[in-house]
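Reading through the C-alpha cells given below for one structure.
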Amino acid sequence: MGKKNILMIGPLGVQGGMSIVMKNYIKSKKLIDLVELKYISTAVDGNKVKKLVIMISSLVKLVYMLLFNKIDIVHIHAALDASIYRKGLFVKICKLFDKKVILHFHASDLEAFYFDRCDDKKRKIVKEIFKSADKIICLNNLMKKLLKEILDVE
C-alpha cells in the first residue's frame, strides 16, 4: 500500500498558532516518510481586498487539486468567527468531491462564539460544518467535551 495523499488547508505564512502547526507538519520528517503532503495557504496579512483575492485563489486551487490530483484526505485548519465560515466552504467543496475531511479546530472560545456571537442561522451553519467533517482534532479534552455538548460532534 502506498503513501496516503493528504492536502492540508489553512493560514500558512501568517502569524499565529495555526500557521506554526502547519509549518511543523510540513517540516516533519516522520510525517513525510508516511504521507505525501500538499498544502494550500488560505490567508495573507494585508487589507480586505488582498485577503479576499487569496481566499478566492485558494478555493480555485482546491478545486483544481481535487480534480487533477489523487487526494485521499483533506486536513483543514480552522478557528472561529470568520475562519469557520471560510473553512466551511472548503469542507463543502471537499464533500462534493467525496473526500475525507479532518477539521483541525484551533479555537478555545466555542461557548462565547456559539451562544453570544451567533444567531440561530449561524448556529445551524456552524453545526453543519462540524458535522460534515469525518474527524475533528481539537486543542484539549475540555474542547472535545464542549464540541460534544454544544455541537453533538466527536
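Read-outs throughout are calculated quantities, based only on the coordinates presented, and are distinct from any laboratory measurement. All values derive from a computational prediction rather than experimental measurement. Here Cβ is always computed from backbone atoms with ideal geometry, including for glycine, and neighbour counts include all displayed protein chains.
Given an 8 Å cut-off on Cα distances and at least 6 residues of separation, report the relative contact order of the chain as a percent. For the chain, the relative contact order is 21 percent.
For the chain, the longest principal axis of the Cα atoms and the long axis of helix 82-96 meet at an angle of about 50 degrees.
Computing Rg and the Kirkwood Rh from the Cα coordinates of region 41-88 gives a ratio, Rg/Rh, of 1.00. Among 139-150, 68-79, the peptide with the highest mean count of other Cβ atoms within 10 Å heads the list, and the full ranking is 68-79, 139-150.
Taking 21 Å as the straight-line reach from the Cα of K61, the lysines in range (excluding those fewer than 8 positions away in the same chain) are K4, K23, K38, K48, K50, K51, K70, K87, K92, K95, K99, K100.
Under a Gaussian network description of the chain, with springs only between Cα atoms under 10 Å, the residue in K38, K124, K30 that fluctuates furthest is K30.
Length gained on full extension, L52 to K29, computed as 0.36 nm times the residue gap minus the Cα-Cα distance: 5.0 nm.
Extension gain for E149 to I137 (0.36 nm times residue separation, less C-alpha to C-alpha distance): 2.8 nm.
Mind checking the angle between helix 120-132 and the chain's longest principal axis? C-alpha axes, 0 to 90 degrees, to the nearest 10. Once rounded, the angle reads 30 degrees. Projected onto the charge dipole of region 107-154 (+1 at Lys/Arg Cβ, -1 at Asp/Glu Cβ, origin at the Cα centre), which of L110, I125, L139 gives the Cα projection farthest towards the positive end? Checked the options; the winner is I125. Computed from point charges on the beta carbon alone (+1 for Lys and Arg, -1 for Asp and Glu), the dipole magnitude for the chain about its Cα centre is near 440 Debye. Here's the picture: charge each Lys and Arg Cβ at +1 and each Asp and Glu Cβ at -1 in region 10-154, and of I150, S57, G46 the one pushed furthest to the positive end of that dipole is S57. Distance between the modelled labels on K4 and Y64, one decimal in nanometres: 2.6 nm (7 Å Cα→Cβ projection).
Mean residue ellipticity, 222 nm, helices only, the chain: the sum of -39500 (n - 2.57) across DSSP H runs of n ≥ 4, divided by residue count and rounded to 500, is -14500 deg cm²/dmol. Charging the Cβ of each Asp and Glu at -1 and of each Lys and Arg at +1, and nothing else, the dipole of region 71-154 about its Cα centre rounds to 220 debye. Of the labelled options (1) 21, 19, 17; (2) 24, 18, 16; (3) 41, 15, 11, which one gives semi-axes √(5λ) of the Cα gyration tensor in Å as computed for this structure? So the structure-derived entry is (2).
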